[in-house]
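Derivation of every value follows stated rules applied to the coordinates shown; laboratory data play no part. Everything numeric here is computed off the predicted structure, so don't read it as measured data. Don't worry about glycine lacking a Cβ; one is built from the backbone with ideal geometry, like all the others, and counts go over all protein chains shown.
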Amino acid sequence: MDCKEVSAALFLFFDGEMEEDMLSPFRDHVGGCGDCDKKVDYTRKLLLIVRERTCPCCAPQRLRH
């Protein structure tokens, strides 16, 4: 897996939708690439902020699980 593929797969990873056979190459690349490690860390922090500040009851019914 390369940097471009990691970027394309970020939200699959965070949404728990990444295929099992992609997880190891994703983690291996991120573990060895400082730029991708920073991108994953930034995205994780961003998603935490968004989730903390978003009221689940404010989402339209069609978007709720």
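Brief remarks follow.
- Near Leu47, once Lys and Arg are set to +1 and Asp and Glu to -1 for all other residues with Cβ below 13 Å from its Cβ, the sum equals +2.
- Computed over the chain, relative contact order equals 29 percent, with contacts defined as Cα pairs under 8 Å that lie 6+ residues apart.
- Helix 3-14 vs. the chain, principal-axis angle (Cα, 0 to 90°, nearest 10): 40 degrees
- Overall form of the stretch 1-55 per C-alpha gyration tensor (a/c, 1.5; a/b vs b/c): oblate
- Taking Cβ atoms as reference points and 13 Å as the exclusive limit, the residues near Ser7 contribute a net charge of -1, counting Lys and Arg as +1 and Asp and Glu as -1.
- Between the residues Pro60, Gly32, Leu46, the greatest Cα displacement towards the positive end of the dipole of the chain, with unit charges on the Cβ of Lys, Arg, Asp and Glu, is found for Pro60.
- Simple label model, 7 Å out from Cα along Cβ direction - Lys38 to Asp2, nm: 2.0 nm
- ³J(HN,Hα) computed for each position of the stretch 16-29 - Karplus, 6.51 cos²θ - 1.76 cosθ + 1.60, integer Hz, glycine/proline x: x, 10, 6, 4, 3, 6, 9, 4, 5, x, 4, 5, 4, 5
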